[in-house]
Amino acid sequence: MKITAVTCVKNEGPFLLEWVAYNRLIGVTDFLFYSNDCTDGTDRLLDRLAEMGLVTHLPNPAQGRNYQMEALKDAKTQPVVTGADWVWIADVDEFLNIRVGGGTIPELIEAAGNPHAISVTFQFFANGGIERFEDRPVIAQFTRSHNPDLWCDQFSQEVKTLIRNDFPVKYYGAHRPFMKDGLKRHERPVWKDGSGRDVPWKFRATASKEWIRKFPARGARDLATLNHYALRSLDSYLVKNDRGDVNRENRAFDDRYWRERNDPAFEDRSILRMLPRLEEEIAALKADARLAALHEEAVAAHRAAAARLRARPDMAALAERLMALPTESPAERALIELLEGAA
């Protein structure tokens with residue numbers, strides 16, 4: 001089975017080998033990376049992976065616009081995507097945590113009944129008080145998340161989607177494919193959630209803005225969940241805040257972004273069953289001396305960027321403020337204050 005992962009990156013060098021290694025373990029056979037404006041050696045590391053025959057690396061085709069959507073428009077024409085049996089569109093801080101069999105995508109597909117698409121629900125993993133960047137697997141460092149059924153005050157949560165090659169795609173979105181217009185009933189795709197249930201019709205049909213990229217999370221994770229390490233360490237978050245968003249130009253992260261994703265109420269260590277094999281796969285990649293050296297350069301650049309930012313008064317103040325913030329989301333804190341005021 002040919003499974004192609006598609007992603008966009010900007011200054012993700014220290015995290016690339018883990019993500020490639022992990023996805024190879026779960027069954028991804030091919031990778032299509034788009035990069036833009038990298039200053040930490042991400043592009044050179046991807047070029048080496050491409051020389052090794054492990055990935056396809058292209059410059060992001062966007063011209064100061066929506067980087068991810070422009071890349072996905074281009075991806076629809078690339079042989080590594082058009083020739084795939086399945087396409088997996090995700091970010092480098094997202095790890096598909098499959099709970100059936102040996103944790104592979106083919107096993108997830110079989111368990112879900114081989115549908116045209118499987119939309120897996122986000123699970124945001126908190127910072128957990130970790131301040132300094134460490135060059136070791138992200139999945140080993142962060143094990144606490146929000147209640148899987150509830151994020152902030154939201155019962156509906158965002159998803160990412162595995163897409164079969166015969167899905168009637170009008171265009172790819174970052175979170176889900178959009179169906180062609182005017183499909184007859186027998187032409188409509190079979191579309192499942194992370195428990196193998198039919199996704200809600202309102203989501204399939206994008207009935208409103210609220211249903212475009214999310215649906216209720218309750219009961220949607222029996223077969224798989226999507227571990228999203230949006231914060232990582234405080235060092236890495238500062239670098240992320242400084243570089244901006246790879247998906248959209250001139251987007252900044254703020255206290256609200258941090259607070260909404262830094263809920264440690266629930267412990268989930270299930271992905272750690274993959275850790276021994278992941279570490280072996282990373283070591284196998286690093287057996288290539290040039291690749292290992294490029295990884296070390298990216299790590300050094302990441303640490304230098306974090307140190308430079310921490311030396312700035314505004315970033316030092318941000319770092320101190322973030323670590324002092326309550327772990328409840330703004331919506332949850334507002335409810336608590338309302339209830340305390342009513343008592």
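The values are calculated or read from the model by the stated rules, or taken from the named source; none is laboratory data. Nothing here was measured: the structure is a model prediction, and the numbers come from that model. So basically every Cβ, Gly included, is an ideal-geometry build from the backbone, and we count neighbours across all protein chains shown.
Figures for the structure shown
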quantity	calculated
Residues located in the range 184-206, provided they are within 22 Å of residue 149 (Cβ to Cβ) and either in contact with a Phe, Trp or Tyr (Cβ under 8 Å, 6 or more places away or on another chain) or in a helix (DSSP H, G or I) (or both)	193, 198, 199, 200, 201, 202, 203, 204
Filtered residue count, the range 12-58, keeping only those that are under 20 Å from residue 72 (Cβ atoms) and touching a strand residue (DSSP E or B) at 6+ places or on another chain (Cβ under 9 Å)	23
Odd one out for residue 40, checked against (1) out of contact with any helix residue (DSSP H, G or I) (no Cβ under 7 Å at 6 or more places or on another chain); (2) among the acidic types (Asp, Glu); (3) within 20 Å of residue 240 (Cα to Cα)	(1)
Residue 175 crowded, with 16+ Cβ neighbours inside 10 Å and outside any strand (DSSP E or B)	yes
Set 64, 53, 27: member being at positive phi, assigned to a loop (DSSP other than H, G, I, E, B) and surrounded by 17 or more Cβ atoms within 10 Å (Cβ to Cβ)	27
Flag if residue 92 is touching a helix residue (DSSP H, G or I) at 6+ places or on another chain (Cβ under 6 Å), touching a residue at least 40 places away in the same chain (Cβ under 8 Å) and either assigned to a loop (DSSP other than H, G, I, E, B) or surrounded by fewer than 22 Cβ atoms within 10 Å (Cβ to Cβ) (or both)	yes
Test: residue 290 is closer than 22 Å to residue 130 by Cβ, modelled with pLDDT of 95 or more and not hydroxyl-bearing (Ser, Thr, Tyr)	no
Subset of the range 186-220 that is among the small types (Gly, Ala, Ser) and at pLDDT 95 or above - its residue that is farthest from residue 172 (Cα to Cα)	219
Residue check for residue 232: part of a helix (DSSP H, G or I) and touching an Asp or Glu at 6+ places or on another chain (Cβ under 8 Å)	no
Where a residue in the range 99-110 is outside any loop (DSSP other than H, G, I, E, B) and its partner, wherever it lies, is among the aromatic types (Phe, Trp, Tyr), with Cβ under 8 Å and at least six apart	105/86; 105/88; 109/86
Residue pairs meeting the criteria (Cβ under 9 Å; at least 6 apart or on separate chains; first part of a helix (DSSP H, G or I), in the range 278-300; second of a type in the set (S, T, N, Q))	298/11; 298/42
